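The values are calculated or read from the model by the stated rules, or taken from the named source; none is laboratory data. The shown structure was predicted, so the numbers you read here are calculated from the model rather than taken from an experiment. When we count neighbours, we look across all protein chains shown, and the Cβ atoms used for this are built from the backbone with ideal geometry, even at glycine.
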Amino acid sequence: MSHYLIVPTNENGVVFDPTMTSSVATALGAPFGFEDIYVYSHGWSTDGDQAMGTYNRFSVDLARRNLLLATNPPTKTWARNSLGIGIHWPSEVTEDPNSPLNAVQLFSFYTMEHRAEAVGKNAIYAMVRLILTSGDGATALRIFLIGHSFGCKAVCAALNDVQLDIADGTISVPEGTLFRAVLLQGATDNDNLEKGDIYGNMVALENLRVLLTKSSQDEALGTWYPAAGKLANLFHAPPSALGSAGPTQQTITDFGGADSFVVSAANTASDMTQYEKPMVIADLSTVHAARKASGTYTSGGLSGSHSDIFFDPLYDIVAGFLFTP
């Protein structure tokens, strides 16, 4: 059984619907008994309609892969009773598609970067905390956080602060609870997950594994992200994006190692059982290039393949990752 909620926030990541928190808390309690919780966060330049469309498309196709796993599982940890929570945050200057203000959207990069951080530290953090405190305290949960682009910053900011609360005893976690983070084309610096950096506490989160994708075909991250970073840091080398260059070696070392592989059209969910390290790096470059060459995906202009995340091999590796211990 699966259920789904959309949680809208304001620019500070505050959930402005006063009934939403109680609605989520009710959904997490009896008689539903959810054991798998999905939290989704979109990235930059996504209005409400696009967010719902993205979440619906990704969650339905992911559920389709999950059902296949349930009938022919690569492990004994296939999908269980689940709740999906889609976070919609104002990542555009205006959500009116006819507004002249849309012309300045390209200049909102830093505003939206900081806004994603606030959404993670407030809205997503609050949702994860609510998930951990609204159950019976005994059921081992699986908490899956999936972000795209700046949505990866939101996911990481939330997990970073959740770990701080767990470490100081503010939050207790049911024994056996698993955390899985899926960072699709992450628009954050590729050293941000290192110990001591802005998301460096994530590495200490018990039972956390991270799947991240990168692609040389992602023009938004490969070309424009470092260009924007250079403008902000005139006297420093421009940053490399996580979803373009992949994580730093220090990040991999801090996490205790990483498995890396190149995604192809032949990938299946069961392939993921061979990757057991805390971090898994999936290179989408080859499949992105093939999809552009065949016309399966039309390049997103200046962004290249940045938003090319809706295809079966990717659903397969995400599903396989989520349900591999």
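Number of residues in the range 207-216 that are in contact (Cβ under 8 Å) with a residue 40 or more places away in the chain, over 15 Å from the mean Cα position of the chain (by Cα) and surrounded by fewer than 22 Cβ atoms within 10 Å (Cβ to Cβ) equals 1. Annotation note: Cβ proximity below 7 Å between a residue of the range 8-20 that is surrounded by 14 or more Cβ atoms within 10 Å (Cβ to Cβ) and a residue that is of a type in the set (Ser, Thr, Tyr) and part of a loop (DSSP other than H, G, I, E, B) (sequence gap 6+ or interchain) occurs for Val15/Thr9.
Within the range 135-152, the set of residues being out of contact with any Gly (no Cβ under 6 Å at 6 or more places or on another chain) and closer than 22 Å to His88 by Cβ comprises Ile143, Phe144, Leu145, Ile146, Gly147. The number of residues in the range 46-82 being modelled with pLDDT under 80, among the β-branched types (Val, Ile, Thr) and surrounded by 14 or more Cβ atoms within 10 Å (Cβ to Cβ) comes to 2. With a requirement of 1 or more residues that are modelled with pLDDT of 95 or more, the helices (runs of 4 or more DSSP H) lying completely within the range 182-291 that satisfy it span 242-245, 249-255.
Just one residue in the set Asp96, Asp168 is more than 25 Å from Val24 (Cβ to Cβ), out of contact with any strand residue (DSSP E or B) (no Cβ under 9 Å at 6 or more places or on another chain) and charged (D, E, K, R); that residue is Asp96. Picking from residues in the range 286-307 that are touching a residue at least 60 places away in the same chain (Cβ under 8 Å) and crowded, with 19+ Cβ neighbours inside 10 Å, the one that is nearest to Asp254 (Cα to Cα) is His306.
Number of residues in the range 179-196 that are among the aliphatic types (A, V, I, L, M) and either closer than 15 Å to Val318 by Cβ or without any contact (Cβ under 8 Å) to a residue 60 or more places away in the chain (or both) equals 4. For the range 103-154, the candidate set comprises residues that are among the basic types (Lys, Arg) and assigned to a helix (DSSP H, G or I); within that set, the residue that is nearest to Leu193 (Cα to Cα) is Lys153. In this structure, Ile85 does satisfy being at pLDDT below 95, crowded, with 23+ Cβ neighbours inside 10 Å, outside any helix (DSSP H, G or I) and touching a helix residue (DSSP H, G or I) at 6+ places or on another chain (Cβ under 9 Å).
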